Amino acid sequence: MERCEWAGSNENMQEYHDTVWGMPEYDDQRLFRKLVLDMNQAGLSWQTILNKMENFDQAYEQFVLEKVAAFDEAKVESLMQDAGIIRNRRKIEAAINNAQKVLEMQASGLSFSDYLWGFVDHQVIDGKRISMADVPAKTELSDVIAKDLKKRGFKFVGSTTIYAFLQAVGIVNDHKIDCFRYEELSKK
C-alpha cells in the first residue's frame, strides 16, 4: 500500500496518516483541537505532538471550547508545569484566546467550520502532489486565512501554521497522487 513518505517512520505516524490527516473536518471543537495542535507544532516535529496527543487532550479538557476559553491564570500556571504537553506560555495563552474567538464567532451566528470552509466554497482543494517536494510550506490561501484570523484577534496563526492546519483538516488534499488516501479522498 502506497503512502506519503512522511508517514512511513513508525506505526503512530502511519495511523495518523491513514485515519486523520487530510480527512475533511466540519466540527468546530475538533477543528479547534487541530488548530491548537498545529499551533503547538510550530518549531517542532509532528512526531513530538503526536506523542503528546493524549496528554494534550487531557490537559486542554478535551478541547471543549467553553472550558478552554475560561482557563484562568492558575490553569495557565498548571499547564506550564505539565511535562506531557508543550510548555510554552505564548502557545497556551493563544489557545485560550482562540477558543474565546471561536465562541465569539459562534455567538454571532458563524460556525468556525463555515468560516473556514467558506474560503474554498466548501470544496476540498486538490493539491495533486506528485511528490512531497511539491508541497509548499504556505500558499496564497493560507496567507489570506492567516491574515483574516489575525484581524479577528486570533493568535499564533501564521501562514505556515495555517497551511499545516488546512492540510490536517482536509480543506487541502495534499496526499501524493499515488497515496491510497489521495484516491479515497478524491472520490468524496
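The values are calculated or read from the model by the stated rules, or taken from the named source; none is laboratory data. Source: prediction; values computed, not measured. Quick reminder, even Gly has a Cβ in these numbers, built from the backbone with ideal geometry, and neighbours come from all protein chains shown. Remember, those area values only see protein heavy atoms, side chains included, never the ligands or the DNA or RNA. Shrake-Rupley method; radii C 1.70, N 1.55, O 1.52, S 1.80 Å.
Being surrounded by 14 or more Cβ atoms within 10 Å (Cβ to Cβ) and either under 30 Å from Lys176 (Cβ atoms) or at pLDDT 95 or above (or both) is the requirement here; does Leu50 meet it?
Considered against the rule, which asks whether it is surrounded by 14 or more Cβ atoms within 10 Å (Cβ to Cβ) and either under 30 Å from Lys176 (Cβ atoms) or at pLDDT 95 or above (or both), Leu50 comes out as yes.
Please verify whether Gln14 is closer than 19 Å to Phe156 by Cβ and surrounded by fewer than 19 Cβ atoms within 10 Å (Cβ to Cβ), treating the condition exactly as stated.
No.
Just to be sure I understand the filter: pairs with C-beta atoms under 8 Å, separated by 6 or more residues or on different chains, first member in region 1-28 and at positive phi, second member among the charged types (D, E, K, R) and surrounded by 15 or more Cβ atoms within 10 Å (Cβ to Cβ). Which pairs pass?
Qualifying pairs under 8 Å: Gly22/Asp174; Gly22/Arg181.
Determine whether Glu66 is in contact (Cβ under 8 Å) with a residue 24 or more places away in the chain, loosely packed, with under 14 Cβ neighbours inside 10 Å and touching a Phe, Trp or Tyr at 6+ places or on another chain (Cβ under 8 Å).
No, not satisfied.
Across region 61-96, which residue is farthest from Lys150 (Cα to Cα) among those that are assigned to a helix (DSSP H, G or I) and among the polar types (S, T, N, Q)?
Ser78
Regarding region 28-39, can at least one residue be identified that is in contact with a helix residue (DSSP H, G or I) (Cβ under 8 Å, 6 or more places away or on another chain), β-branched (Val, Ile, Thr) and surrounded by 18 or more Cβ atoms within 10 Å (Cβ to Cβ)?
Looking through region 28-39, at least one residue is in contact with a helix residue (DSSP H, G or I) (Cβ under 8 Å, 6 or more places away or on another chain), β-branched (Val, Ile, Thr) and surrounded by 18 or more Cβ atoms within 10 Å (Cβ to Cβ).
So which of Ala99, Ala83, Ala59, Ala95 ends up being under 18 Å from Ala164 (Cβ atoms), modelled with pLDDT of 95 or more, small (Gly, Ala, Ser) and open to solvent by less than 70 Å² (accessible area, probe 1.4 Å)?
Ala95
I'd like the full set of residues that are part of a loop (DSSP other than H, G, I, E, B) and open to solvent by less than 50 Å² (accessible area, probe 1.4 Å), limited to region 134-157.
Residues satisfying the conditions are Val135, Pro136, Thr139, Gly153, Phe154, Val157.
Given the residues Val76, Val36, which is the only one that is in contact (Cβ under 8 Å) with a residue 24 or more places away in the chain and among the aliphatic types (A, V, I, L, M)?
Testing whether each residue is in contact (Cβ under 8 Å) with a residue 24 or more places away in the chain and among the aliphatic types (A, V, I, L, M) leaves just Val36.
Would you point out the residue of region 104-122, among those that are within 18 Å of the chain's Cα centre (by Cα) and open to solvent by 40 Å² or more (accessible area, probe 1.4 Å), that is farthest from Asp178 (Cα to Cα)?
This residue is Asp114.
For Thr160, only one of the following conditions fails: (1) of a type in the set (S, T, N, Q); (2) closer than 18 Å to Glu25 by Cα; (3) under 18 Å from the mean Cα position of the chain (by Cα). What is its number?
(2)
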